[in-house]
1. With the condition being over 20 Å from L115 (Cβ atoms), I'd like the helices (runs of 4 or more DSSP H) fully within segment 138-190 carrying at least 3 qualifying residues.
2. Of everything in segment 165-198, what is under 30 Å from G406 (Cβ atoms) and not polar (S, T, N, Q)? Give them in sequence order.
3. I need the full set of residues from segment 55-86 which are outside any strand (DSSP E or B) and within 26 Å of A226 (Cα to Cα), in order please.
4. Looking only at segment 250-268, count every residue that is surrounded by fewer than 20 Cβ atoms within 10 Å (Cβ to Cβ) and among the small types (G, A, S) and tell me the total.
5. Just give me the residues in segment 243-276 being free of Cβ contacts under 8 Å to residues at least 24 places away in the same chain and either charged (D, E, K, R) or under 22 Å from E358 (Cα atoms) (or both), in sequence order.
6. Regarding segment 381-394, can at least one residue be identified that is in a loop (DSSP other than H, G, I, E, B), hydrophobic (A, V, I, L, M, F, W, C) and over 16 Å from P341 (Cβ atoms)?
7. Being outside any loop (DSSP other than H, G, I, E, B), assigned by TED's automatic domain parsing to the domain that holds M321 and under 23 Å from the mean Cα position of the chain (by Cα) is the requirement here; does V247 meet it?
8. How do the helices (runs of 4 or more DSSP H) wholly within segment 314-378 filter down when requiring 2 or more residues that are surrounded by fewer than 21 Cβ atoms within 10 Å (Cβ to Cβ) and touching a helix residue (DSSP H, G or I) at 6+ places or on another chain (Cβ under 8 Å): which remain?
Amino acid sequence: MRSLGAEFLGYRLAIAADYLLSGLDLKIVRNGYVVFDGAFIAEVGSGPPRLVDEVREYRGCLVMPGLVNCHVSTLCAAFKDESAPIELDTRFSAYERILELREKLLSLASRSQLLEAARKLIKFMVKSGTTTMLDFVRGGAEKVNLVLEALEKVNVNALLLACPEHKFYRDEVIIGHSEYPPEVIQPILKMSRKLKGFGLMNPLFIPANALRQLARVAEGRGFFKAIHAGEMPPAEWEGKGVWKTQVEMALGFFKADMLFHVNYISEEDVKLIAESGKSVVCCTRLTQALRFKPAPIDLMVKHGVNVTLGTGNSMIISPDMLREVEATYNFYSYLGKPIKPVEVLKMATVNAGEALKERVGAIEEGYRADVVVLRVDEGNMYATRDIIASVVKRAGEMNIEAVYVGGKEAP
């Protein structure tokens with residue numbers, strides 16, 4: 001038994017089950033329990049919990065860390081599958097058309113449409129086991145406020161990234177001298193306490209000086225920095241003049257903490273990410289839907305890159321992290337580059353906490369009291385011989401018995 005002690009003095013709720021995935025290595029503990037003290041985990045152990053105010057027993061169940069979605073865009077849920085006809089186009093230019101469609105629909109949708117769609121989507125995410133989400137919010141301060149309103153009646157650990165809205169012309173991007181106007185940045189800074197940080201589109205759309213500018217602003221505010229990189233093939237101007245690869249731009253000029261997608265990257269890029277100690281987010285089902293080049297997860301793991309998972313654009317992909325975990329396991333097995341089930345599950349839990357620099361994604365003392373209770377004695381999980389493999393390969397929303405976010409059971 002391990003205990004934190006005096007700093008945890010609130011109502012102590014114990015969650016007990018036949019199995020529990022404990023710590024940063026997701027060790028299977030039989031007859032395990034976790035004690036919540038308020039919004040945080042105070043104790044993890046096995047056997048009967050002691051010195052608690054309440055025990056909730058879940059027999060025939062597994063308690064696992066809440067899932068972490070490291071890349072989602074909730075507002076895009078207001079026009080789900082509007083892009084389906086374009087997705088049938090096998091040319092890469094279809095992706096550029098989808099991006100244009102998304103911007104158009106975000107600008108045309110009413111506030112009430114966006115608000116209701118985001119609220120319903122976030123509730124679905126929690127019901128399907130996601131307890132922490134990193135929301136990439138397009139549209140500047142106005143859209144951030146809208147997401148904050150959608151979150152008011154939903155218990156989820158939401159981390160918001162604001163994307164400054166400003167269109168740079170191609171020549172500006174290639175030359176690299178332009179910066180974001182103050183009127184674009186200031187409204188975001190006024191709400192900085194409500195934000196995790198900046199989330200940017202691909203460096204193909206942003207001049208080098210603008211990346212440097214936001215890096216300076218972020219450092220002054222303690223902002224987390226995330227950026228799309230490598231989800232698009234190299235442009236003809238990459239490697240010329242001020243321009244480097246998308247990964248080099250993201251890490252060198254923006255000083256990014258996290259890179260989204262990383263499909264079209266080289267082994268040299270992978271080595272650079274590994275040397276930087278930064279993290280990546282791979283979106284396997286989005287890769288499949290849009291026929292992107294598979295992200296080199298096997299190569300990144302080999303070089304020690306911290307890999308996490310996300311679902312990306314909710315116009316195209318359902319933000320169901322159990323489906324994302326299963327798809328990642330199956331897809332890389334199909335590619336002849338299999339990943340152990342426990343390592344895939346870590347990408348949606350432990351690795352995500354490390355990447356976000358948050359105490360989430362693990363059942364460990366001092367971490368947020370975010371857990372998912374899965375039934376393993378019925379239906380698709382019954383008679384499992386390998387619990388973690390079964391979570392990765394077959395668990396779904398129907399298996400979820402309860403979700404706790406910040407120590408409180410989600411409705």
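1. Counting at least 3 such residues, we get 170-175, 182-189.
2. Of everything in segment 165-198, those that are under 30 Å from G406 (Cβ atoms) and not polar (S, T, N, Q) turn out to be P187, I188, L189, K190, M191, R193, K194, L195, K196, G197, F198.
3. G66, T74, L75, C76, A77, A78, F79, K80, D81, S83
4. 2
5. Residues satisfying the conditions are K244, E268, E275.
6. Yes, there is a match, as at least one residue in segment 381-394 is in a loop (DSSP other than H, G, I, E, B), hydrophobic (A, V, I, L, M, F, W, C) and over 16 Å from P341 (Cβ atoms).
7. Yes.
8. Here the list reads 321-334, 341-347.
The values are calculated or read from the model by the stated rules, or taken from the named source; none is laboratory data. Everything quoted here is computed from the prediction, not taken from an experiment. Here Cβ is always computed from backbone atoms with ideal geometry, including for glycine, and neighbour counts include all displayed protein chains.
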